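Only one structure is covered here, and it is reproduced in the block below.
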Amino acid sequence: MKNLKQFAVVFSMLMVVVFMAAGQAVAQGGAMDGVKSSMKAGSSKDLARNFSSVVELTLDGKEATSYSNTQAEFVMKSFFSKNTPVDFTYSHQGSSDKGQQYAIGTYTSKAGTYTVLVRMKDSKVQSMNFIKD
């Protein structure tokens with residue numbers, strides 16, 4: 001009987017850990033999905049909701065620049081107005097051992113196509129790199 005109680009306690013604790021990890025993975029996936037839908041819609045306002053307090057943006061092969069999340073929203077608004085979105089898809093997503101998530105996607109606009117690298121930490125966008133194809 002004692003072994004059964006110990007087993008039940010250990011099993012319960014294991015299940016709690018599994019569900020917590022699964023919940024975190026869903027939340028992180030949800031943030032990447034939020035970025036994806038914002039990019040498809042060309043909504044800088046929705047995209048900015050996923051930004052960390054400082055975001056590094058690289059556009060059109062120019063040098064990377066760090067912006068506050070408010071400034072980054074305006075930079076992306078300008079980018080979307082010049083490059084009206086047609087589609088955005090992820091070709092690869094992953095995460096590092098240190099909890100950083102990344103995604104490689106393709107942003108298709110009326111003006112051309114870009115390969116986009118998105119890096120996140122704690123479900124917030126740290127950097128976005130747009131490379132014109």
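Below is a table of values for the structure above.
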quantity	calculated
Neighbourhood charge, 15 Å Cβ-Cβ cut-off, centred on A41 and excluding it, Lys, Arg +1 and Asp, Glu -1	+2
Pairs of lysine residues in region 31-133 - Cα separation under 19 Å, sequence separation of 8 or more or cross-chain	26
Derived scalar couplings ³J(HN,Hα) [region 36-41; Karplus, 6.51 cos²θ - 1.76 cosθ + 1.60; whole Hz; x for Gly, Pro]	4, 5, 5, 5, 4, 7
Three-way shape label, region 69-133, alpha-carbon gyration tensor, a/c 1.5	oblate
Calculated from backbone phi, Karplus (6.51, -1.76, 1.60) coupling profile of region 79-86 in Hz, x at Gly/Pro	4, 5, 5, 7, 10, 4, x, 10
Under 13 Å, Cβ to Cβ, from K62 - net charge with Lys/Arg +1 and Asp/Glu -1	-2
Relative contact order %, region 49-133, counting alpha carbon pairs below 8 Å whose residues are six or more apart	31 percent
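Only the coordinates and a few stated rules stand behind these numbers; no lab work does. Please read all numbers here as calculations on a predicted model, not as lab measurements. Please note: Cβ atoms are built from the backbone with ideal geometry, for glycine as well, and neighbour counts cover all protein chains shown.
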